[in-house]
Structure formats: structure tokens, C-alpha cells
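Where a number appears in this text, it was derived from the coordinates with a stated rule and is not lab data. Treat the numbers as computed from the prediction; the structure is a model and nothing was measured. Neighbour counts run over all protein chains shown; Cβ positions are idealised from the backbone, glycine included.
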Amino acid sequence: MPATAADIRKKEKIIQRVFLIIAFSSLFSLFLIALFIFIEGFPMIMKVGLKDFLLSTRWSPTRGHYGIFAMIVSSFWVTIGALLFGGPLGLMCSIFLVEFASARWRAIIKPALELLAGIPSVVYGFLGVVYLVPLVRDYLGGPGLSLLTSCIILGIMILPTVISISVDALVAVPNSYREAAFSLGGTRWQTTYMVTVHAAKSGIITALVLGMGRAVGETMAVIMISGNALKIPTSILDPIRTMTSNIALEMGYASGMHRQALFATGIVLFFFVMALNTIATLFARRKAIK
């Protein structure tokens, strides 16, 4: 007996509710993670003081010093440096793949670049230690384990994210935009720069934001190539320690206030990522309105 319209609508409502439950379960999991981090770390912030915790550069848990300002600065600069290195390179690769490469080359290059996302971060760190660190040390000076090497390695690691999403954004631009620019006498490059990239700006910004999220949250590769020095970098050749590196290095043996301080560092990292995403989202919306 064929299903009636009422039966079909009933099944559709059941499926809709199942997917709604799945979606809210993801949000609930995120809420539980955030709640756990706040429960573990917030009392320590209240005890030490927000000012001393965020603005002090002294980190020595065994002596009662819990300042993470140097790690905040290091995380900020390594994220910006990775974006400055990987952002333009990823955008240029995506422009080439969409606007200039043939279908044959696109079918070869794009999957190869996306495979970079499957390489473990420890492999990037190992290659950085073996090849990049000696080059920086021999030709630029310093210990080699530095802010510069961290920025370069993280810039390479965010390439798959930036390229993949930027390609999708550029492909989504209607061909009528390009045809209109060509009809007005624009060259291929003028059309790409002044029309296509501008129309895909919102998607490109999203790609950069996700790349920044990958860079600020990376741990293993940064531990291997940053030098892990607890000081504010005054040069791109200085060693650094990021917030994620500090949590990974010390969580294994931390206890008491020390453990709570690491969770409190996670809270700062949480707000750090949220702030970056919010600023970029507002910027993308403002550009879209224009």
C-alpha cells in the first residue's frame, strides 16, 4: 500500500527532529567543554587577579608567579606572522587555480595541495627543525628556533585551509561578472583583481580567519621549532612560547594552582580565538554590505 501524504510528512518531521537533535548535541558538547574550562580556570584568575594574570611577564608556578603576558604576545605575533606568510601565498595559489590554470593542471595541483592538510603537525615540526632552523641560524643569526621559523611553518600549515576555501569562493563568482569586465575592455588580470577577487572577498576573509584559527591553535609543530623561551620577543629571531605550547608542555606534571593556571590560559585562548573570529566576521559583513 503506497504511503499517504500524511505519512510522508510525518517521516519528514521525524528526520528533521533527528537532525535538529544532532545539531544541538554538537552545540551542547561545545558548551560542556567551555563550561569545564571555566570551572577549572576561573577561580584561579579570581584568586591571582586578572591584571596580574594577563599583564605580568613572570611565569614561575613553583614560586607563585602566573603571568602569561609574554605568551599572549608570542601567540599574537606568531598568528599574524603565519597569516602574513601563508595568506598571500594561499590567495595567489587559489587565483591561479581558478582564473589561469587549465582544467588538467587544476585537477593535479588542487588535490595535491589539499593533501598537505593530512600531514601530521609533528612532521612539519620535524622538517622545520632539520632544514629550516639551520638555514635561519646560519644565514640570519640567532638560535634558529625562533618566531620567524614558527611563522614560516605555520604559514605552510594553513595553506590547505586558505586555498581550499578561497577556491570555492572564487568559483562561486558568477561568470557574468567576468564577461561584463571583458566587454568593457578589461584584461584577464584586471578582471581578476578588480572584479572576481572583490566579489569573493567575503569568502576569502573567511578562509583567512579559519587559517588564523589553525595557526593560533597549533601546538606540536610550534613546540618543536619555537624555542619555548618565556619572554616577550623583541626580534623575529627570538625564541618564543605560545599559550598552546605552554599548556602542552606543563599539563603533564601540573597540579593545584599550577593546573588551574593552565586551564585559565585556555580561557584566555578561548577568548583570543573568539575575538579574532568576531572581528573578521564583522569586517566581512561590512564589506558585503558595501
For region 5-55, using Cα atoms only, the Rg and Dmax in Å read 20.9, 65
Checked against the positive end of the charge dipole of the chain (+1 on Cβ of Lys and Arg, -1 on Cβ of Asp and Glu, about the Cα centre), the farthest of LEU55, VAL209, GLN260 is VAL209
In units of 2.2 N^0.38 Å, the Cα radius of gyration of the chain is 1.23
Per the charge dipole of region 116-221 (beta-carbon charges, Lys/Arg positive, Asp/Glu negative, Cα centre), the residue among CYS151, ALA169, TYR193 reaching farthest to the positive end is TYR193
Diffing region 177-193: the Karplus 3J(HN,Hα) column from phi (6.51, -1.76, 1.60, θ = phi - 60°), in whole Hz with x for Gly and Pro, holds 5, 5, 4, 5, 5, 5, 5, 8, x, x, 7, 4, 5, 4, 5, 5, 6
With R₀ set to 45 angstrom, the calculated FRET efficiency between the beta-carbons of VAL171 and ALA254, to the nearest 0.05, is 0.45
Note: region 106-252 at 20 °C, 1.002 mPa s; Kirkwood Rh on alpha carbon pairs; Stokes-Einstein D in µm²/s works out to 123 µm²/s
For ALA112 and ARG63, extending 7 Å from Cα along the Cα-Cβ vector and measuring point to point gives, in nm, a value of 5.3 nm
Within the under-15-Å Cβ sphere about GLY155, not counting GLY155, Lys/Arg +1 and Asp/Glu -1 give a net charge of 0
Quick calc, the chain, dipole around Cα centre from Cβ unit charges on Lys, Arg (+) and Asp, Glu (-), nearest 20 debye, gives 640 debye
For region 169-290 (alpha-carbon point model, no solvent) the Debye-based log₁₀ I(q)/I(0) at q = 0.12, 0.20, 0.21 Å⁻¹ works out to -0.66, -1.08, -1.14
Counting only backbone N atoms under 18 Å from a point 7 Å out along Cα-to-Cβ of LEU50, the residues of region 193-219 in range are none
Around ARG17 (Cβ within 13 Å, Cβ-to-Cβ, excluding ARG17; K/R +1, D/E -1) the net charge comes to +3
The long-range amide H neighbours of TRP59, using H built 1.01 Å from N in the peptide plane and a cut-off of under 5 Å, are GLY67
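Taking the Cβ of THR191 as the centre, find all other residues whose Cβ is under 10 Å away and add up their charges (Lys, Arg: +1; Asp, Glu: -1).
0
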CD proxy, 222 nm, the chain: helix-only mean residue ellipticity via -39,500 (n - 2.57) per DSSP H run with n ≥ 4, per residue, nearest 500, stands at -23000 deg cm²/dmol
A correct Karplus calculation of ³J(HN,Hα) over region 39-55, with 6.51 cos²θ - 1.76 cosθ + 1.60, θ = phi - 60°, whole Hz and x for Gly and Pro, returns 4, 7, x, 5, x, 5, 4, 5, 6, 7, x, 4, 5, 5, 6, 8, 10
